[in-house]
Amino acid sequence: MNVSDKPTPAVLPKITQGRSPAYPSIPLSKAVERLQTVIDAGVARNAYPPETFYKLWEIGAQSSGARATMAALNHFGLVDYDGRGDVRKVKVSDLGIKIGLDKVPGSPERAQALQLAALTPAIHSDLYQRYQNMLPADVVLATYLTRDRGYNQSTVASLIEEYKDTLAFAGLDKPVSKADSAIAPPSDPPPPPQVKVGDFVQIEINGSFLLKEPKPIDEIREHEGELWVFVKGEKAAVKMEQVTLQAAPPAAAKIPPVRELQNDPPPPNMPDVRMVGDRLIISADVDLKGLRKLRKQLRMFESMLSMGDDEEPEQDDA
């Protein structure tokens, strides 16, 4: 058998995985470090362009790591977004200020704020409600995340590592004792707020925004036990946890209503003559000079009205 007679091996098509639902790319411990860098630089009370934060973190503004880090802080509720697109600004949230400015050793308020931040991401809240502090084996977590929550197999390992790190940092990986009950979160933390039809949302997957600007929700549909969101102008739906509520764009300036008013009387010697159909509407306050002006206007309108009329116009005596 010649070499040339050997069958050519088949070329397998390249298989690409879909995007996973959003989750923080860094654990809460790293996010708080980034937050503290911002607060220590005095950037806490006002909104700034994202590039200000990237510069403080010494991360290139165009890098994916910069955007992913900012998105992680937003997932944990440590920063808020103001505006959208190229004019977006970022501000440290009230929760971020509670954490970053509380320097009291062993502060229960700071501990409670950290636990709130740890459970703010939607997937964290879901996992904590499901397993509390008794996490199963990684293979069980991975099965749940890929089979039931739609995460890619290539991302679940980093998500599980990030979640465990966050629980440990916030003190949520240990059984709650009576002494800690004052700062422990409720056994069933409230789920993240649900969006509704008409709300403006942004689609966020893996820390990246997919819409150029927020769009309103057209429809919310349940499919195979999960809620899916249809955004205006988009054919495919996305999962509920992949959308984040955004402020509605400012409404266009409203034109005030108008109403008809009676015409003010014309000034002296300025007769007002208007033709409506084949009739004249005359308003005048005139003396002899104004009367002559009015006669000239009447002659002009008379010639206009008499076009096609066989009757001879009357001659003025003057």
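Screening the candidates V201, V195 for the property of being under 26 Å from M70 (Cα atoms), at pLDDT below 85 and either in contact with a strand residue (DSSP E or B) (Cβ under 6 Å, 6 or more places away or on another chain) or open to solvent by less than 90 Å² (accessible area, probe 1.4 Å) (or both) yields one hit, V195. The C-beta contact set for region 36-54 (first residue free of Cβ contacts under 8 Å to residues at least 12 places away in the same chain, second residue small (G, A, S) and surrounded by fewer than 16 Cβ atoms within 10 Å (Cβ to Cβ), distance under 7 angstrom, 6+ apart or interchain) comprises E51/A61. Within region 90-105, the set of residues being in contact with a Ser or Thr (Cβ under 9 Å, 6 or more places away or on another chain) and either hydroxyl-bearing (S, T, Y) or in a helix (DSSP H, G or I) (or both) comprises L95 only. Listed by position, the helices (runs of 4 or more DSSP H) contained in region 25-89 that have at least 1 residues being within 28 Å of V156 (Cβ to Cβ) and open to solvent by 50 Å² or more (accessible area, probe 1.4 Å) are 28-40, 64-75. The set of residues from region 209-246 being open to solvent by less than 70 Å² (accessible area, probe 1.4 Å), in a loop (DSSP other than H, G, I, E, B) and either in contact (Cβ under 8 Å) with a residue 60 or more places away in the chain or under 20 Å from R84 (Cα atoms) (or both) comprises L211, P214.
Picking from residues in region 133-173 that are closer than 17 Å to E241 by Cβ, in contact (Cβ under 8 Å) with a residue 24 or more places away in the chain and of a type in the set (D, E, K, R), the one that is most open to solvent (accessible area, probe 1.4 Å) is R149. Assess whether S154 counts as being within 30 Å of E224 (Cα to Cα) and at pLDDT below 85. No.
Within the bounds of region 269-280, is there any residue that is closer than 28 Å to A122 by Cβ, open to solvent by 90 Å² or more (accessible area, probe 1.4 Å), at pLDDT below 85 and not small (G, A, S)? Working first, answer last.
The initial filter retains those residues of region 269-280 that are closer than 28 Å to A122 by Cβ, namely none.
The answer is no, given that none of the residues of region 269-280 is closer than 28 Å to A122 by Cβ, open to solvent by 90 Å² or more (accessible area, probe 1.4 Å), at pLDDT below 85 and not small (G, A, S).
Scan region 111-132 for residues that are open to solvent by 60 Å² or more (accessible area, probe 1.4 Å) and closer than 22 Å to V79 by Cβ and jot them down. It would help to see each step written out before you state the result.
If we filter region 111-132 for residues that are open to solvent by 60 Å² or more (accessible area, probe 1.4 Å), which is where we start, we get 112, 116, 129-130.
Those that are open to solvent by 60 Å² or more (accessible area, probe 1.4 Å) and closer than 22 Å to V79 by Cβ: Q112, L116.
The values are calculated or read from the model by the stated rules, or taken from the named source; none is laboratory data. It should be emphasised that the depicted structure is a prediction, and the values quoted were computed from it without experimental measurement. Every residue, glycine as well, gets a Cβ built from its backbone with ideal geometry; the counts of neighbours run over all protein chains shown. Side chains are part of the model used for accessible areas, which takes the heavy atoms of the whole protein and leaves out ligands, DNA and RNA. Shrake-Rupley method; radii C 1.70, N 1.55, O 1.52, S 1.80 Å.
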